[in-house]
Amino acid sequence: MSTTSSEHLKCLIIGSGPAGYTAAIYASRAGLKPVMYQGLQPGGQLTITNDVENFPGYPDGIMGPEMMEDLKKQAARFGTDIRYGIATAVDFSGHPHRVTIDETLELTADTVIIATGASAKWLGLPSEQRLNGSGVSACAVCDGFFYRGKEVAIVGAGDTAAEEATYLANLCSKVYMIVRKGEMRASKIMQKRVLDNPKIEVLWNSVTDEILGEHAVEGARIKNVLDGTTRDIAIEGFFVAIGHEPNSKIFQPYLHHDEQGYLKTIPGTAKTNVDGVFACGDVQDFTYRQAVTAAGSGCMAALDAERYLAALGDH
């Protein structure tokens with residue numbers, strides 16, 4: 001499909017979660033006249049999160065979509081041009097940087113801030129999708145607090161799953177850990193923590209057949225992959241910890257990334273290996289993946305972009 005060259009921007013922000021909106025707030029206040037394309041999921045992962053209780057400044061908590069709307073309004077108040085659209089191709093081989101939106105519109109930009117986030121990997125069950133936000137979660141650190149003293153289950157076998165199972169065991173009365181094989185992929189020390197914890201019961205060689213409950217999670221049907229038998233467990237929370245996938249595919253030909261696809265930034269900065277291209281939030285953070293750390297890195301990206309333009313004499 002042919003592209004139509006449109007406009008030249010001083011600062012282009014791709015993505016609209018806490019990282020993107022915070023970058024927009026700082027960039028617009030610095031006079032960079034940022035243009036933001038919101039992407040496939042405007043507001044990012046928090047738009048499918050009901051209650052956010054761990055973001056500073058909200059003593060009574062806040063609904064995820066409401067918080068994203070507040071951040072959007074704050075960015076718009078300072079002049080960010082917020083648009084619908086998805087970045088479908090980029091060319092970072094020269095200056096200015098070229099970005100194609102919706103396969104048809106080509107932009108050029110002096111600086112590009114990538115805040116496209118990461119997407120949780122899901123099991124693909126209809127019941128999982130239906131109960132997402134009503135007991136089904138992909139973030140134990142975000143949502144574990146709501147299940148204090150309750151019984152929950154977590155799916156996964158890697159370090160993240162083991163770490164989150166241990167975290168949940170500190171809050172919940174019982175944690176079922178559903179592991180597909182007869183062994184975990186997690187490191188030895190993480191496995192030991194799980195196996196030594198009396199609150200965690202590992203269901204080996206098991207997969208989730210269905211999550212039970214009409215309006216909220218009430219249980220799960222677990223299938224043994226060796227003999228095909230099923231059993232129902234009574235739980236109120238169901239956590240999926242089978243990994244996240246950074247939304248970085250179109251950038252990978254130009255930007256350094258790890259084997260999972262997370263973009264690499266120069267430590268202590270939001271700078272990538274390409275001058276004038278910055279990355280913030282979950283697309284470059286495989287460790288923390290929290291709204292507050294994403295927001296912090298969005299601030300870093302905007303400040304780095306401002307300093308980059310100042311050094312060029314453009315700002």
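Along the stretch 296-306 the Karplus relation, 6.51 cos²θ - 1.76 cosθ + 1.60 evaluated at θ = phi - 60°, assigns HN-Hα couplings of x, 6, x, 4, 4, 4, 5, 5, 5, 5, 4 Hz to successive residues, with x for each Gly and Pro. Please give me the summed charge of the neighbours of Thr47: other residues whose Cβ is under 12 Å from its Cβ, Lys and Arg +1, Asp and Glu -1. Taking every Cβ under 12 Å from that of Thr47, the sum is -1. As a ratio to 2.2 N^0.38 Å, the alpha-carbon radius of gyration computed for the stretch 55-202 takes the value 1.42. Residues Asp60, Asp282, Asp209, sorted by accessible area with the largest first, give Asp60, Asp209, Asp282 [1.4 Å probe; ligands and nucleic acids excluded].
For Val277, Val225, write out the residues from largest to smallest accessible area, computed with a 1.4 angstrom probe and no ligands counted.
Working: Val277 0, Val225 70 Å².
Solvent-accessible surface, decreasing: Val225, Val277.
Divide the volume of the convex hull around the Cα atoms of the chain by the residue count and you get 145 Å³ per residue.
Left without a cysteine partner by the 4.7 Å Cβ rule in the chain: Cys11, Cys172, Cys280, Cys299. Around Ile25, what is the net charge, scoring Lys/Arg as +1 and Asp/Glu as -1 over all other residues with Cβ under 12 Å from its Cβ? Within the 12 Å Cβ shell, the charges total +3. Would the stretch 122-240 count as rounded, prolate or oblate if I go by the C-alpha gyration tensor, calling it rounded below 1.5 in a/c and otherwise prolate when a/b exceeds b/c, oblate otherwise? Taking the square roots of the gyration eigenvalues as a ≥ b ≥ c, the stretch 122-240 is oblate. Site pair Thr287 and Arg77 shows an inter-label distance of 3.2 nm when each label is modelled 7 Å from Cα along Cα→Cβ. Taking every DSSP beta bridge that has both ends in the stretch 122-240, the antiparallel portion is near 40%.
Run through the DSSP bridge list for the chain and note the antiparallel percent, rounded to the nearest 5.
In the chain, approximately 45 percent of DSSP beta bridges are antiparallel ones.
Accessible area ranking (1.4 Å probe, heavy atoms, ligands and nucleic acids excluded), largest first, for Tyr147, Tyr167: Tyr167, Tyr147. Sorted on the mean count of surrounding Cβ atoms within 10 Å across their residues, most packed first, peptides 149-155, 93-99 read 149-155, 93-99. If a paramagnetic tag sat 7 Å from the Cα of Gln252 along the Cα-Cβ line, which residues of the stretch 112-156 would have the backbone N under 14 Å from that point? What the label zone holds, given the 14 Å backbone N cut-off, is 119.
Neighbours of Ala270 by Cβ distance under 14 Å: Lys/Arg scored +1, Asp/Glu scored -1, total -2. Packing order of peptides 296-306, 254-264, highest average first: 296-306, 254-264 (average count of other Cβ atoms within 10 Å over each peptide's residues).
The values are calculated or read from the model by the stated rules, or taken from the named source; none is laboratory data. Computed from a predicted structure; not experimentally measured. FYI the Cβ positions are ideal-geometry reconstructions off the backbone, even for glycines, and counts take in every protein chain you see. Accessible surface is based on the protein model in full, side chains and every heavy atom, while ligands, DNA and RNA are left aside. Shrake-Rupley method; radii C 1.70, N 1.55, O 1.52, S 1.80 Å.
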